[in-house]
Amino acid sequence: AMGLLGDASTTEVLRHADAALYQAKRNGRGRLHVFDPQGFERVFDGVLLEIDLRGALAREELHVLYQPIVPLGSERIVGVEALIRWTHPQLGLVPPSTFIPIAEESGDITAIGDWVLREACRSISELNHRPDADTIFVSVNVSPHQLLHTDFADRVQAVLTETGLPPGRLRLEITETAIVRNREEAARLLQPLRQLGVQIYIDDFGTGHSALSYVHDLPVDGIKIDRSFVNRLTSTDNGVHLVRAILDLARNLGLHVVAEGIETRGQQDALLRLDCEYGQGYLFDRPLALPVLEQRLAVAEEAPVEVGAARIPIAHWLPRGHEGKASAIFRATAFAIRWLSDYTGTP
Ligand code: C2E
Ligand code: MG
Ligand code: MG
């Protein structure tokens, strides 16, 4: 690690060297790193966030939101993805894309990941607001650091026992890059999880810059097509070809598919034409706080075909002639919930 001297004071040079060392460590050990003043602010923020994050769990600043996963072409919720949120006392909401890498670097991801797993399994196991709520699965993101712990499968088993969630209703999402980087080891570590009866999905599929066929000998149940591909479906010509190739591959290998980040009807229609099974995205729901999810499940259970369509269950309680009004109110409320619930997860 080295700083750029210029006319900086000794303390500044030391500070820069420290920051350069930190930057070098983040990029992997045994690297040379020259201090980059622009990167400094970011590193400095990172150090502060790391300190704050350490106590975040104990101070109850973390919470989990649940984003519905639906069979494409219906609004029936078959499962949810657990997504962590951090409300920093001064900074407000810090996105997981900012603090998860910091937690991975510091090792705090083990405690945070265990907490998310337990919280998600307990919440979904206790959902009892509709008759078939006990079939909903919960999908939990697992960082490579967690997966590489030799006792990870034992910890998962302990959480399942403690929370009473049947193993088949837990899905673990592992990013493609994590698997590609530790290919052999990942395959070996996934096996005991599979033996527990837990489902395994590859997250952000297609972003790992590897030959897509590497999945064929991995013990996985399905893949999640990354949002960037869903975006390209309607914005570029070869977007459709790319997604079709991924879907063909999945079908040939007997893997299930969830398309992520569906925001428009156009994207949904394109995916339906390609026979994609499941979807997740703002078009259906934003990540929701647990009580909002429960309301949403109750509505989806009663809704005749499509939420937001002309007929809704509330209409049954109203005098004749007022159904239209109820529908308008319902749609406006549903719209407001979708808008407000991302990040805070509360209406
Ligand atoms: P991911 O696992 O790929 O999660 C999907 C991300 O896409 C979520 O971002 C979700 O809010 C967002 N998303 C869903 N639908 C749409 C859409 O229609 N449009 C757009 N623009 N975005 C959509 P989020 O919650 O910010 O999480 C980002 C990433 O942070 C996750 O990507 C995951 O890799 C990581 N993460 C989140 N929670 C956890 C966790 O508990 N543990 C670990 N290890 N990582 C987590
Ligand atoms: Mg995920
Ligand atoms: Mg993803």
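Please verify whether residue 130 is at pLDDT below 95, over 21 Å from the mean Cα position of the chain (by Cα), within 21 Å of residue 224 (Cβ to Cβ) and more than 16 Å from ligand 3 (Cβ to nearest atom), treating the condition exactly as stated.
Answer is no for this residue.
Pairs needed: first member in region 237-266, more than 16 Å from ligand 2 (Cβ to nearest atom) and in a helix (DSSP H, G or I); second member anywhere, of a type in the set (S, T, N, Q) and at pLDDT below 95; C-beta distance under 7 Å; at least 6 residues apart or different chains.
249/213; 266/234
Out of region 75-101, which residues are free of Cβ contacts under 8 Å to residues at least 24 places away in the same chain and among the polar types (S, T, N, Q)?
Of everything in region 75-101, those that are free of Cβ contacts under 8 Å to residues at least 24 places away in the same chain and among the polar types (S, T, N, Q) turn out to be 90, 97.
Could you please find all residues in region 167-191 being at pLDDT 95 or above and either farther than 19 Å from residue 140 by Cα or away from ligand 1 (no atom under 16 Å from the Cβ) (or both)?
If the condition is that a residue be at pLDDT 95 or above and either farther than 19 Å from residue 140 by Cα or away from ligand 1 (no atom under 16 Å from the Cβ) (or both), then 167, 168, 169 are the ones that fit.
The values are calculated or read from the model by the stated rules, or taken from the named source; none is laboratory data. Model, not experiment: these values are computed from the prediction. Don't worry about glycine lacking a Cβ; one is built from the backbone with ideal geometry, like all the others, and counts go over all protein chains shown.
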